[in-house]
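Accompanying notes for the structure given below.
The values are calculated or read from the model by the stated rules, or taken from the named source; none is laboratory data. It should be emphasised that the depicted structure is a prediction, and the values quoted were computed from it without experimental measurement. Cβ: placed from backbone, ideal geometry, glycine included. Neighbour counts: every protein chain shown.
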Amino acid sequence: MCRLLIGGTEVLSQTTVLLAVNCGSSSVKIAVFDQALRRLGDAEASRIATDQPVLIRYSGFGETREETLAAGASHADAIARLGKRISACFGGDIRGIGHRVVHGGADFSAPLKIDADLMDRLEALSSLAPLHQPHNLTGIRLFGARFAGAPQMACFDTAFHRTIPEHRQLYGLPLSYAEKGLRAYGFHGLSCTHTVTRFEEITGKPLPKHLVICHLGNGASVTGVEDGQSRYNSMGFTPIDGLIMGQRSGHLDPGAVLWLVDEMKGDTAAVSALLNRKSGLLGLSGESSDMRTLMESSTPAAARAITMFVDRVVKEVAAAAAAAGGLDALVFTGGIGSNAQVIRARVLTALAWLGFEIDPAANEKGAATITMDGSSRSAHVIAADEEQVIARAVKALS
């Protein structure tokens, strides 16, 4: 039996729980919830498959602990360690497990229970999200093996965006390619779902008709929402498109991609590695993919990378607003959106012509509303919680 902290009080784990699992390109995050969707604990492994030791953190399990795995440890290694710890606390009490699955293609618009047929269909989509989907599926297989009696659910990051009009999903290519799956899907849908469903509770204001969501982190996108439904997302066929991100290039002329293929003598794997792992803030700065590091840097390259990041956000906000039919409010979420007040201030300053009047004190502390009372359009900060969205789906389906 495991000792937990609930509301600051230490108790013994005697309740069935739900797991929300988020396997990223270099991390695994697991949140534990009770049946009332109270968050009981978190376990996270970061820096997976890098040249640094994997850092594992546990929080809320009666104590906060840190441990490490050797540099180069895989997702499977990290999941084995995390699963062992969770088993020690909740081994026979897990009612359901939900997994973030980055790509659901054109078919999946809601969470689904996982079976062999669904796994085959998700495997077929791995080429569309090669940095994430294989790890998502690894998590499903390994957690399914460890907790064999618990049903598992797939929660799709693309599902929220199935309401984007078809004419925005299609590219200017023969339709036969769209029929094969070459279309814009949109991503960060679980984050958007959390923002839309929790907006009124967190901000104290009704959900606006026209909302733009800026999910800014190592992966970043901008979404235009009308009446609670997605009308536009800056990502497209894959999560590379749109904004400059930590390591991803963002929008790039297709001719430039062809040029890179020629430059690298047809080595498409090398081009993919460049666009997905060596570009973005890391490539531009030559220093780091971490916005915090760049904001502390004094180099011209770091300053230019930040300027380019902000500029792309501003342009995508305008595009998202046009697609949503207007702009009443803007939300910052994600690691950068929730924590980097300087970035928020620069974005809103560039959008001042739209009527945003930033409240410096509110922005400094990351308040739920960071614009002045008289601002014609409001801006807000809502911390991302994809894990809670997953847990709600698991509770509903299990």
(message) Looking at segment 156-177 only, could you name the residues that are polar (S, T, N, Q) and within 16 Å of Gln229 (Cβ to Cβ)?
(response) Thr158, Thr163, Gln169
(request) Could you grab me the full set of residues in segment 183-221 that are on the phi < 0 side of the Ramachandran plot and surrounded by fewer than 16 Cβ atoms within 10 Å (Cβ to Cβ)? (result) Thr197, Glu200, Glu201, Lys205, Pro206, Lys209
(request) Hey, can you tell me all the residues within segment 131-153 that are in contact with a Ser or Thr (Cβ under 7 Å, 6 or more places away or on another chain) and either closer than 27 Å to Ala319 by Cα or part of a loop (DSSP other than H, G, I, E, B) (or both)? (result) Leu131, His132, Pro151
(request) Taking the residues in segment 199-242 that are touching a strand residue (DSSP E or B) at 6+ places or on another chain (Cβ under 6 Å) and aliphatic (A, V, I, L, M) as candidates, determine which candidate is nearest to Ile306 (Cα to Cα). (result) Val222
(message) For the condition of a type in the set (D, E, K, R) and modelled with pLDDT of 95 or more, what is the one hit in Asp117, Asp107?
(response) Asp117
(request) Could you list all residues from segment 72-98 that are part of a helix (DSSP H, G or I) and out of contact with any Cys (no Cβ under 8 Å at 6 or more places or on another chain)? (result) Ala76, Asp77, Ala78, Ala80, Arg81, Leu82, Gly83, Lys84, Arg85, Ile86, Ser87
(message) Please go through segment 46-84 and give me each residue that is over 21 Å from Pro134 (Cβ atoms), surrounded by 19 or more Cβ atoms within 10 Å (Cβ to Cβ) and touching a residue at least 40 places away in the same chain (Cβ under 8 Å), ordered by number.
(response) Phe61
(message) I'm trying to understand the selection: among the residues of segment 33-64, which are in contact with a helix residue (DSSP H, G or I) (Cβ under 7 Å, 6 or more places away or on another chain) and not in a loop (DSSP other than H, G, I, E, B)?
(response) Phe33, Ala43, Ala45, Val54, Ile56, Tyr58
(request) Output the number of the condition that Ile86 fails; it satisfies all remaining conditions of (1) out of contact with any Gly (no Cβ under 6 Å at 6 or more places or on another chain); (2) under 30 Å from Ala184 (Cα atoms). (result) (2)
(request) Name the single residue, out of those in segment 89-133 being among the basic types (Lys, Arg) and in contact with a strand residue (DSSP E or B) (Cβ under 7 Å, 6 or more places away or on another chain), that is nearest to Leu40 (Cα to Cα). (result) Arg95
(message) Would you confirm, using the coordinates I've provided, whether Ser272 is out of contact with any helix residue (DSSP H, G or I) (no Cβ under 7 Å at 6 or more places or on another chain) and assigned to a loop (DSSP other than H, G, I, E, B)?
(response) no
(message) If the requirement is being surrounded by 24 or more Cβ atoms within 10 Å (Cβ to Cβ) and touching a helix residue (DSSP H, G or I) at 6+ places or on another chain (Cβ under 9 Å), which of these qualifies: Gly224, Gly250?
(response) Gly224
(message) Looking at Ser289 and the list (1) touching a Ser or Thr at 6+ places or on another chain (Cβ under 6 Å); (2) within 27 Å of Gly24 (Cα to Cα); (3) not in a helix (DSSP H, G or I), which single condition is not satisfied?
(response) (1)
(request) Please identify the pairs in which a residue from segment 271-296 that is outside the structural domain of Ser249 (by TED's automatic domain parsing) has its Cβ atom under 7 Å from the Cβ atom of a residue that is among the acidic types (Asp, Glu) and outside any loop (DSSP other than H, G, I, E, B), counting only partners at least 6 apart or on another chain. (result) none
